[in-house]
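Trainee: One structure is given below, represented as C-alpha cells, and several questions about it will come after.
Taken together, the values in this text are just the output of simple stated rules run on the coordinates, not laboratory data. Every value quoted in this text rests on a predicted model; they were computed, and no experiment measured them. All Cβ positions, glycine included, derive from the backbone under ideal geometry; neighbour counts span all protein chains shown.
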Amino acid sequence: MADTPHPLIDEFCTSLWLEEGLADHSLAAYRSDLTQLAHWLSSTNATPLEQLDTDTLRRYIHSLSSLKPSSLNRKTSSIKRFCLWMVNNRHRTDNPTTALRSARQGLRVPKTLSEAEVENLVNAPDLNTPQGIRDKAMLELMYASGLRVSELVNLPLQAVDLNAGAVKVLGKGNKERLVPMGNPARLAILLYLGQARAQLLSFKESDALFVTHLGGPMTRQAFWKIIKRHALLAGIHSPISPHVLRHAFATHLLNHGADLRVVQLLLGHADITTTQIYTHVAKEQLHELLNAHHPLGRGPR
C-alpha cells in the first residue's frame with residue numbers, strides 16, 4: 001500500500017510533534033494507521049476522511065476483524081484521537097467515534113525477573129573492561145530507577161546528580177521527572193565515569209552519559225544486544241529485553257510494600273491504571289513465594 005500523503009493526517013501528526021513531542025516511532029504508527037484508513041475509504045468509494053461517519057467506521061473496523069484485539073484497539077485509538085483532534089481544531093463539529101467500543105482482550109501481564117535473576121544479571125558484566133564497567137552501570141541504573149530504555153540511552157551527562165543520588169529524566173511528551181537511585185547504581189556510575197567513559201570515548205567530547213567504544217552515544221538497539229548477552233551469562237534463558245528490567249523495578253517495589261502512586265510517579269505513567277498491571281505480577285510472585293516457603297503451602301513431603 002502506498003502511503004499517499006493526506007493534508008489532514010500531515011497536519012495532525014505535525015500537531016502531535018509540536019505540542020506533545022511524540023517520538024518518531026509513535027508518530028509513524030499514527031500516520032500508518034490513519035493512512036490505512038484513508039486508503040480503505042478511497043478503495044471502497046466511501047466517504048472522504050474528513051467526512052467520516054460512525055457506520056462507515058464500523059464497516060472499516062469489521063474489515064480488520066482478523067487482527068489481534070491489541071492491534072485492533074491501537075488502530076481504533078489512533079482514529080479516535082484523530083477525530084477528537086478534528087473537532088478541537090474545527091475541521092468538523094461532531095465526533096463519529098464516541099459510540100465505538102474497544103475490542104475485548106485478555107489481561108496483558110508483563111514479563112519480569114525474580115530478584116535473584118536481577119542480581120545475577122547486574123553482576124554478569126566483566127569489570128576488567130571499560131565496556132563491562134559501562135554495562136554494569138547501565139543495568140544498575142535501569143533497575144534502580146525503572147527508566148524506559150529510550151530514557152536511559154538518551155541521558156545527558158548533566159542529568160545525573162551523584163551527590164543527591166538522583167537522575168533527571170525527560171520522558172514521554174517532554175515531561176521531566178526526578179528519580180532517585182540506590183547506592184549500588186550510584187557507585188556503579190561513579191566507577192564508570194572515573195575509569196571507563198573516557199577510554200570508550202578515546203578522550204573525545206560527548207554530552208551523552210553512556211557511550212559506545214566508537215565514541216558515540218549508546219543506542220536502544222546496542223543496549224538490547226548488551227542485555228541479551230549478559231542475560232545468557234547470568235543463566236537467564238527466558239526471553240528478555242531492556243523493558244523487563246523496568247517491569248522488575250516496579251514489581252519488586254510493590255512486593256516490598258511501595259505505594260502504587262509512588263511507583264506511578266517513578267515510572268512516569270500519566271494514568272495509574274497503566275501502573276496497576278504490576279500489582280497482578282506482584283501478587284503472583286508473592287503467591288509463589290508463599291507456596292515455596294510456608295509450611296502449609298508446600299506439597300506432600
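Trainee: Can you figure out the FRET efficiency of Arg229 with Leu178, using R₀ = 45 Å and their beta-carbon distance, to the nearest 0.05?
Mentor: 0.90
Trainee: Here is a further query. How high is the relative contact order of segment 7-88? Use alpha-carbon pairs under 8 Å, at least six apart in sequence, and give a whole percent.
Mentor: After rounding, I find 28 percent.
Trainee: Just grab the label-to-label distance for His25 and Thr129, each label 7 Å out from Cα along the Cβ direction, in nm (one decimal).
Mentor: Using points 7 Å along Cα→Cβ, the separation is 2.6 nm.
Trainee: Further, regarding this structure: What residues of segment 25-55 lie in the reach of a label at Asp10, counting those whose backbone N is under 18 Å from a point 7 Å from the Cα along Cα→Cβ?
Mentor: 27-39, 49-50
Trainee: So, one more: Go through Lys80/Lys225; Lys175/Lys204; Lys75/Lys175 and tell me which ones have a Cα-Cα distance over 27 Å in this structure.
Mentor: Lys80/Lys225; Lys175/Lys204
Trainee: Below 8 Å, C-alpha to C-alpha, sequence gap of six or more: please give me the relative contact order for segment 115-293 in percent.
Mentor: Dividing the mean separation by the residue count of segment 115-293 yields 25 percent.
Trainee: While we're looking at this one, here's another question. Would you list, by chain and number, the aspartates and glutamates whose Cα falls below 13 Å from the Cα of Lys136, excluding same-chain residues fewer than 8 positions away?
Mentor: Within the straight-line limit of under 13 Å, Lys136 reaches these aspartates and glutamates: Glu119, Asp126.
Trainee: Suppose the chain between Leu84 and Leu190 were pulled fully straight at 0.36 nm per residue; how much longer would it get relative to their current alpha carbon spacing?
Mentor: Stretched fully, the Leu84-Leu190 segment lengthens by 33.4 nm.
Trainee: Could you work out how far apart the two model spin labels at Leu18 and Glu119 are, taking each label as a point 7 Å from the Cα in the direction of the beta carbon, and quote it in nm?
Mentor: Rounded to a tenth, the inter-label distance reads 5.4 nm.
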